[in-house]
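Here is the structure we will look at.
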Amino acid sequence: MANKSASRDTAMAAGLMRCHDCGKLVRADNAPQDALLACPRCDASIHYRKFDAIPRSWALIITAAILLFPANLLPIMRVDFLGSQKYSTIMDGILYFFHSGEYGIGLIIFIASILVPLFKIIGMTLILLSIRFKWKTWLRHKAVMFRFIQFVGRWSMLDIFIIALMSSLVDFGTFTSTQAGPAATYLTAVVICSMFAAITFDSRLLWDA
């Protein structure tokens, strides 16, 4: 009986809303769950849960999953050397570092450019499916995984940073130069979509379900 009463001891059950701008708790006992009020301190819009968090997160994460294929299959960098052009994908760059004995750099690029985007897409999909089908197991672990997805998202841009640096540093005119390939655009879109999916999502929906 104690566990049942404790599960209802939430801010929404108590009729409280928290302003995401200034942190003030606002009492709204008679307001419906989808109510949109104004913070009395900073006049920002406040609500119990983010509006349309689930459909927006689904749309963004499905878009990221679709764009992940051209991001890994198309060339991400073009090297011009003495008039000849050579294209390389993300995996080509990873294999190059491994064959050169630079295992640390190759492993970092593999984790940041392949594993991290894939982990974010799979992790957000599992979280959204658990809400859709009301899976009540491993909720605390899913909450921790969501926080990790939010934290690690920024490191997926490592390949883009490397290409940007190489394009600015390795530029000797007609002798040799490097340019970003079409996969760089898709990889950037994957990172942006997965990051916005995590930003749009409201982790409190896990516990509501």
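The values are calculated or read from the model by the stated rules, or taken from the named source; none is laboratory data. Since the model is a prediction, treat every value here as computed from it, not as a measurement. Heads up, the Cβs are rebuilt from the backbone with ideal geometry, glycines too, and the neighbour counts pull from every protein chain shown.
Quick notes
- Matching option when the condition is surrounded by fewer than 18 Cβ atoms within 10 Å (Cβ to Cβ) and at pLDDT 85 or above, among A164, A143: A143
- Within region 27-38, considering residues that are part of a strand (DSSP E or B) and modelled with pLDDT under 80, the one nearest to L205 (Cα to Cα): L36
- If you check I94, I105, I131 for being under 30 Å from F201 (Cα atoms) and assigned to a helix (DSSP H, G or I), only one passes: I131.
- In region 60-77 there is no residue that is in contact with a Lys or Arg (Cβ under 7 Å, 6 or more places away or on another chain) and surrounded by fewer than 16 Cβ atoms within 10 Å (Cβ to Cβ).
- Cβ pairs under 7 Å, 6+ apart, first in region 1-22 and at pLDDT below 75, second surrounded by 13 or more Cβ atoms within 10 Å (Cβ to Cβ): A11/R18; M12/Y48; G15/A28
- Breaking point among (1) over 27 Å from I66 (Cβ atoms); (2) basic (K, R); (3) part of a helix (DSSP H, G or I), for R147: (1)
- Qualifying residues in region 117-136 (those that are of a type outside the set (V, I, T) and under 22 Å from P70 (Cβ atoms)) - the one nearest to the chain's Cα centre (by Cα): K120
- Checklist (1) over 21 Å from I76 (Cα atoms); (2) surrounded by fewer than 19 Cβ atoms within 10 Å (Cβ to Cβ); (3) modelled with pLDDT of 85 or more applied to V152, failing item: (3)
- In region 184-197, the residues that are farther than 15 Å from S57 by Cα form Cβ pairs under 6 Å with partners that are outside any helix (DSSP H, G or I), at six or more places apart or across chains, as follows: A184/I76.
- Only one entry in S130, S113, S100 is in the same structural domain as F196 (by TED's automatic domain parsing), surrounded by fewer than 19 Cβ atoms within 10 Å (Cβ to Cβ) and touching a helix residue (DSSP H, G or I) at 6+ places or on another chain (Cβ under 7 Å), namely S130.
- Just one residue in the set K134, K120 is out of contact with any Cys (no Cβ under 9 Å at 6 or more places or on another chain), in contact (Cβ under 8 Å) with a residue 40 or more places away in the chain and on the phi > 0 side of the Ramachandran plot; that residue is K134.
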